[in-house]
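Below is one structure, written out as structure tokens, with a few remarks after it.
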Amino acid sequence: MSDSQDILSLATAWRSAGEQVAIATVTETWGSSPRPAGSQLAVTVSGRMAGSVSGGCIEGAVAEAAMKTIASGVPQLLDFGITDERAWEVGLACGGKLKVFVEKLA
Amino acid sequence: MTPELLADLTAARAAKRPVVMATRLPGGEQMLLPAEGVDAELAAAAQRALDRDESGTVRIGNTDWFLHAYNPPMRLIVVGAVHISQALVPMAAQMGLSVVVVDPRRSFATEERFPNVTIMTDWTDEAIEALAPDVRTAVVTLTHDPKLDDPALDIALKSPAFYIGSLGSRRTHARRLDRLRAMGHSEEALARIKGPVGLDIGAVTAPEIALSILAEFVAARRNAELFAREAKAG
């Protein structure tokens, strides 16, 4: 009953249609993070987006990182949380912390 | 994710085979488990992730692995192609469940009434037996007709289905339990049946009753406190 499975199907369909796609996956959470490990966000260079890795707090920053990963082909492990310096830009209002793995769908 | 791994993962999911995509962090090397020749500790962690249906990061030796559990969808077997089922089926599909409707009455079990869902018109005990409910399966009987509900419940109670519910008032349910008792089911087994089915939210309309059933399904699946409390109260 994991909706991340549908995100992967959707991302696969986008890829097959010729889109450049990255997938971001929550790998670990602490505290009151809104989405569990395994939650996924798929983004394309053309601006399509599906799924979520938080309640909407960090999706923008993750999408930005995803563009870099698509361009370089190098995956990234992103850290988000209130103790992180990123908190000033894209902090989690809920006070949770999480890690997000971003990879290109080759 | 390489095209080869994505193809393997897609094939496993199409075949409803439970698999784990293991990603080494932060580098991103990946493999699909179970596989031959994998570190025993990693293999065991992957199996645990599937059993708990929970993805997460584990540290094995000096390496962090993100284990993404891909279990096949949970199943909901609905006995009775009735009005409430017509509300229940699309809501369950929206939740990602794999739904089967069982009703030998062909006038009820039509594609027009139940589009895009698997329909079985076998006798209910034969259908449930063929579907072989496992620990990720829920069985709900909604016909109100003992001829159809009872044989389905009889088989469901002999299975490890994690949720069994049966529609009917308290009086109807008490009589149902008497009949199942006479068929040889123990009190412990009978206590597994949620009856009247669904959380008591005062549901009246078919969609409301469907919602109460799915709410109870979620409570059972997530081991919600309220479910444990209800189970204790019997």
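Bear in mind that the values in this text are calculations on the coordinates, not laboratory data. Keep in mind that this is a model prediction, so the values were computed, not measured. Positions of Cβ are backbone-derived with ideal geometry, glycine not excepted, and every protein chain shown enters the neighbour counts.
Per-structure values
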read-out: When the convex hull of its Cα atoms is projected in every direction, mean area for chain B (nm²); value: 15.2
read-out: Mean ellipticity per residue at 222 nm, deg cm²/dmol - from DSSP H runs of n ≥ 4 across the protein assembly as shown, formula -39500 (n - 2.57); value: -11500 deg cm²/dmol
read-out: Compactness of the protein assembly as shown, expressed as Rg and Dmax over alpha-carbon positions, Å; value: 22.6, 69
read-out: Trypsin sites (Lys or Arg not before Pro) within region B:144-234: DSSP coil, no more than 14 neighbouring Cβ in 10 Å; value: B:Lys158, B:Arg222
read-out: Partner lysines for B:Lys16 [C-alpha distance under 30 Å; skip if fewer than 8 residues away on the same chain]; value: A:Lys99, A:Lys104, B:Lys158, B:Lys194
read-out: Residues of type aspartates and glutamates that B:Lys147 reaches as a straight line, Cα spacing below 15 Å, ignoring anything fewer than 8 places off in the same chain; value: B:Asp103, B:Asp122, B:Asp125, B:Glu126, B:Asp178
read-out: With at most 10 neighbouring Cβ atoms within 10 Å, loop GluC sites (Glu not before Pro) (DSSP) excluded, longest segment of chain B; value: B:113-234
read-out: Highest-fluctuation residue, B:Pro115, B:Pro207, B:Pro72 considered, GNM on chain B with Cα pairs under 10 Å; value: B:Pro115
read-out: Cβ-based net charge around B:Gln47, under 13 Å, with every Lys or Arg adding one and every Asp or Glu removing one; value: -3
